[in-house]
Amino acid sequence: MDFQAFLITFREALEALLIIGVIVTYLTRIGESKWNKWVWLGVFLALLSSYGVALAFQVVLTGFAAMASHIYLKIGILLVSSALLTHMILFMAKQGRDMRGEVQSKVAAILTTGSVINMLVHAYLITLREGIETVFFFAAISGGDIEQAIRSWGALLGLVVAIAVAWTFFRGARKVPLGKFFKITGAFLVLIAAGLLVQGVGIMQDVGMLGTLYKTPGGQIGALYDLTWLMPEHPQDYEHYLRDYGVAPLIDGQVGIFFKAFLGYTQDPSVEEFLAYWGYYFLVFALIVRQRKKESAAVETLDNSTVKVSA
């Protein structure tokens, strides 16, 4: 159980820390580090909420009822987080283009109250999602004794390693030029947001909230393709493939489950998951292009007005 607890804690903590780290580093780089304490407050409140879920699971709720509640709560958090990240991506894209020379010193004025609230809420939701997932994973590997899993050396070591990896990553990010930082973190957030959306779609199909355009002859949700041979999305899928075909997939299921949790990787996506994933990239690209055209038109109008005034 210790090794399982290590993998769970490392994976969930690293995902939360990387996203929170992007927000905190972003605020620091634009001279608005005063907001960082509120981001960390959101993280703290999310940890308290996660503890409340653990307590409710172990003391009040039955396994079935708790699992059902967890699924619907997770769907809501996934979709809301994806929407909040999309807003942040568009905001960062705008700021990345606005930062030129002396304008960088004035960029703090661009930070709106709505954008700050977006970051704070997302800090809470992303930490809450990882905390709740950790609670239910711990319940599964410990037979319901969550406290035992939390106190294991694996859980503590996983948290320490995740913090070390995230700290190393963002220490290097401080040396990256501001414009490049926005591009890198923007692309990073697009991948995460697309993953959150496709996870939400997949879970809704699993619980019957969403149908499918393509079904198997047996009436099940059909897959467009199957990459289990390359990288199964869960260690159990790895074991099943090895048992059924006598050969191991190229990449271990522990890697697959990390990419599934982090980027929404699916070994056998449905039509809807496939469309949601790639459609999201198209939507974000279209929104950024539209945003740039509006800004270019506004600048052109301002320049024309200036010329007329001068004349």
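The values are calculated or read from the model by the stated rules, or taken from the named source; none is laboratory data. Since the structure is predicted, the reported quantities are computational estimates derived from the model, not experimental observations. With ideal geometry, Cβ positions are generated from the backbone for all residues, glycine too; neighbour counts draw on all protein chains shown. Heads up: the accessible areas ignore ligands, DNA and RNA and are worked out on the full protein's heavy atoms, side chains in. Shrake-Rupley method; radii C 1.70, N 1.55, O 1.52, S 1.80 Å.
Could you say which residue among A248, A187, A164 is open to solvent by less than 60 Å² (accessible area, probe 1.4 Å) and in a loop (DSSP other than H, G, I, E, B)?
A248
Would you confirm, using the coordinates I've provided, whether G222 is farther than 29 Å from Y26 by Cα and over 17 Å from the mean Cα position of the chain (by Cα)?
Yes: the conditions hold for G222.
Which one of these is open to solvent by 60 Å² or more (accessible area, probe 1.4 Å) and within 25 Å of the chain's Cα centre (by Cα): F274, F258?
F274
Cβ-Cβ below 7 Å, separation at least six or inter-chain, first residue in region 160-187 and among the basic types (K, R), second part of a helix (DSSP H, G or I) and modelled with pLDDT under 80: which pairs?
K183/G96
Residues of region 192-245 being closer than 13 Å to E272 by Cα and acidic (D, E), which ones?
Selection gives D206 alone.
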